[in-house]
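Report on the following structure.
The values are calculated or read from the model by the stated rules, or taken from the named source; none is laboratory data. These numbers come from a predicted model, not from an experiment. Glycine also receives a Cβ, built like all others from the backbone with ideal geometry; neighbour counts cover every protein chain displayed.
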Amino acid sequence: MKTGTRWSSATCATEVVVVKGADVVLECGDAPMIEGAGAGGDAVGEGTRLGKRYTDEASGLLVLCVKPGAGSLCVAGVPLVEVAAKQLPSSD
Amino acid sequence: MLLEMATQGAPDRVAVVAGGRSMTYAELSDQAHRYAATVADLEVERLVYVGENSCEAVAALFGAALAAVPYVPVNYRWTDAQIADALATIEPAAVLTDHGCAHRVPEAAGLVRIGVPSPDDPVPAAPPVHADEDAPAVLLFTSGTSGTPKAAVLRNRHLVPYVLGTVEFLNADADEAILVSVPPYHIAAVSSVLTSVFAGRRMVQLVAFDADSWVELARTQRVTQAMVVPTMLDRILDVVEADGAGLPALRHLSYGGGRMPAAVVERAMRLLPDVDLVNAYGLTETSSTITLLGPEDHRVAAASTDPAVRARLGSVGRALPTVEIEIRDRDGAALGPLASGEVWVRGEQVSGEYLTHRAITADGWYPTADHGYLDADGFLFLHGRLDDVIVRGGENLSPAEIEDRLVQHPAIAEAAVVGVPDREWGERVEAVVVVADGTEVSEPEIQEWVRTALRSTRVPAAVHRRAALPYNETGKLLRRVLRDDLAATNS
């Protein structure tokens, strides 16, 4: 998955943008995500949250959720982990 | 993408206020889509904005991103000839201006004028997104304090990780507002739009800076945070001190974009004791901030009796966790703590690239052309631009050190120190001062004032008087102009 590309869930409303690419297959709601516009669906899971970043620690894949949905993100059956921003004192 | 997310998360929140107008995130997004559609129809490669801060400038920035063309804010304070030269290097381009700058843009085949879309126009569907990380997002002309302005190229991969890595999405409280008083072509204005939108923070844009309007807007809009350049801060403090009414809503004030005398920082801490101060240092070419002196650093330094710690009020703080800094000598060899040399920087957000050439090494290091040193704990102290360093008889002298001493004299309001070509020394130190109203001081008195505090090599060989010193519009002293003046007078 190339950095900067946008992927949609085949099973829910989730859309993500790849922030750090990796050569893996990202799944949402147990189905591979689709590059570009999504199909949608009614998967249920832990869900994705708008504006959160999720990482697959094994491959280094980092994605940003740009549309939330009900499905959960996984690579090879391992759930992605939410990443918190390292907040700095605002300088701008 | 950033705006799209904020629009989903908080469509009705006010995104930007400027010049008596305001736009919510939903309105801003609609307007950005209108700009994107206009640009996409034109077969142009860039979207230029010439004008003061406005809601439309913010919408145009996101419109350019949606259309996958770089946004190019151009300095409206340049002469018509400078604007024409700059635009010639970036056409074919669509050009948006505000009312005041409409006549400033030359007629040229490669420049297509566009107007402000009406809010009643239909909102076009989103164009296909080409969010390539390598795509140039913004072209910014550097301020050119040491030469002709160059257009720096900032790509998505320089700007986006900084925003995502340091700002939590929509984390701003509903009452938070940031006052943006730097002009739209300044890197701090661009980065503040990106971080504010992602945080969901209301942006209050001051159309053009003067201290009275800044203070009034900060009070009426209940501004909670702001970013200023050093000359602005001193004038703002004058207003606040004179009327004694404070800035009750302000919690957080950052400053940067030039060297800040420690005396001004101490004055700010005294007059605004409840405000968190942050000093940020960065360059256009590094996508803004690379070092920070945080609120706690300010308090520790101010309370310390250790001169080395106290001196940190005059530093620009430490490198961000994602950024590396080294001081190097003229041959590029890294120097240890306290040794002065050129500041080099490396990190994801560092572009170091211009339309015409790249100034970054193969392993990612960028020479900033700033001169300074790191202390033992990694705090960075800046002397000024490398070009401004005076080399007198083989000794490197920092003009800033001498200027700081000069302005401590009660009769000196402003001071500039430059090197003037000299047969014996290579360069000699000369000072240009603005004498404070109602005071008098002689050249020998000024020379003695420097001699008592600094080494004799720092004493100006001549002291010139002027009614005013040359600054650029963001308050950077143009030593180059004085140097050329004095060199011409001497030859």
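Only residues that are within 13 Å of chain A (Cβ to nearest Cβ) and outside any strand (DSSP E or B) were counted in the stretch B:265-283, giving 1.
Which of the residues that make up the stretch A:44-60 are within 14 Å of chain B (Cβ to nearest Cβ) and part of a strand (DSSP E or B)?
So in the stretch A:44-60, the residues within 14 Å of chain B (Cβ to nearest Cβ) come out as A:48-55, A:60.
A:48, A:53, A:54, A:55, listed by residue number.
Every listed requirement among (1) among the β-branched types (Val, Ile, Thr); (2) in contact with a Pro (Cβ under 7 Å, 6 or more places away or on another chain); (3) within 12 Å of chain B (Cβ to nearest Cβ) is met by residue A:25 save one, (3).
So which residues in the stretch B:342-395 are among the polar types (S, T, N, Q) and either part of a strand (DSSP E or B) or buried (at least 18 other Cβ atoms within 10 Å of the Cβ) (or both)? Please lay out each step first, then the result.
Within the stretch B:342-395, the subset among the polar types (S, T, N, Q) is B:349, B:351, B:356, B:361, B:368.
Across the stretch B:342-395, the qualifying residues are B:349, B:351, B:368.
Of the residues in the stretch B:199-208, none is more than 23 Å from residue B:286 (Cα to Cα), over 15 Å from the mean Cα position of the chain (by Cα) and part of a helix (DSSP H, G or I). Note on the stretch A:14-40: residues that are within 16 Å of residue B:1 (Cα to Cα) and buried (at least 19 other Cβ atoms within 10 Å of the Cβ) total 6.
Output the number of residues of the stretch B:26-44 satisfying the condition of being crowded, with 17+ Cβ neighbours inside 10 Å, part of a helix (DSSP H, G or I) and more than 26 Å from the chain's Cα centre (by Cα). Give the derivation first.
From the stretch B:26-44, those crowded, with 17+ Cβ neighbours inside 10 Å are B:26-40, B:44; that's our starting set.
If we keep only those that are part of a helix (DSSP H, G or I) too, we end up with B:26-40.
Filter once more, so that each one left must be more than 26 Å from the chain's Cα centre (by Cα): B:26-27, B:29-31, B:33-40.
Residues flagged as crowded, with 17+ Cβ neighbours inside 10 Å, part of a helix (DSSP H, G or I) and more than 26 Å from the chain's Cα centre (by Cα) within the stretch B:26-44 amount to 13.
With respect to the conditions (1) assigned to a helix (DSSP H, G or I); (2) within 30 Å of residue B:163 (Cβ to Cβ); (3) in contact (Cβ under 8 Å) with a residue 24 or more places away in the chain, residue B:301 falls short on a single one, namely (3).
Does residue B:474 meet the test of being exposed (fewer than 15 other Cβ atoms within 10 Å of the Cβ) and either in a loop (DSSP other than H, G, I, E, B) or among the hydroxyl-bearing types (Ser, Thr, Tyr) (or both)? Let's see the steps before the verdict.
Working: exposed (fewer than 15 other Cβ atoms within 10 Å of the Cβ): no; either in a loop (DSSP other than H, G, I, E, B) or among the hydroxyl-bearing types (Ser, Thr, Tyr) (or both): yes.
No.
Considering each residue of the stretch B:279-289 in turn, at least one proves to be within 18 Å of the chain's Cα centre (by Cα) and of a type in the set (D, E, K, R).
Here residue B:190 clears all of (1) touching a residue at least 24 places away in the same chain (Cβ under 8 Å); (2) more than 12 Å from chain A (Cβ to nearest Cβ) except the condition numbered (2). Please tell me if residue B:428 is in a strand (DSSP E or B) and either modelled with pLDDT of 85 or more or crowded, with 18+ Cβ neighbours inside 10 Å (or both). So residue B:428 fits the description; yes. Exactly one residue out of A:64, A:88 is under 9 Å from the mean Cα position of the chain (by Cα) and either small (Gly, Ala, Ser) or within 14 Å of another protein chain (Cβ to nearest Cβ) (or both), and it is A:64.
Which members of the stretch A:2-30 meet the condition of being in contact (Cβ under 8 Å) with a residue 40 or more places away in the chain and either on the phi > 0 side of the Ramachandran plot or touching a His at 6+ places or on another chain (Cβ under 8 Å) (or both)? Correct list: A:29, A:30. Has the stretch B:227-241 got at least one residue that is part of a loop (DSSP other than H, G, I, E, B), under 18 Å from residue B:263 (Cβ atoms) and assigned by TED's automatic domain parsing to the domain that holds residue B:268? There is at least one residue in the stretch B:227-241 that is part of a loop (DSSP other than H, G, I, E, B), under 18 Å from residue B:263 (Cβ atoms) and assigned by TED's automatic domain parsing to the domain that holds residue B:268.
Looking at residue B:40, is it out of contact with any strand residue (DSSP E or B) (no Cβ under 8 Å at 6 or more places or on another chain), more than 22 Å from residue B:209 (Cβ to Cβ) and without any contact (Cβ under 8 Å) to a residue 40 or more places away in the chain? No, not satisfied.
Residue A:82 satisfies every condition listed in (1) farther than 15 Å from residue A:20 by Cα; (2) surrounded by fewer than 18 Cβ atoms within 10 Å (Cβ to Cβ); (3) in contact with a strand residue (DSSP E or B) (Cβ under 9 Å, 6 or more places away or on another chain) except (1).
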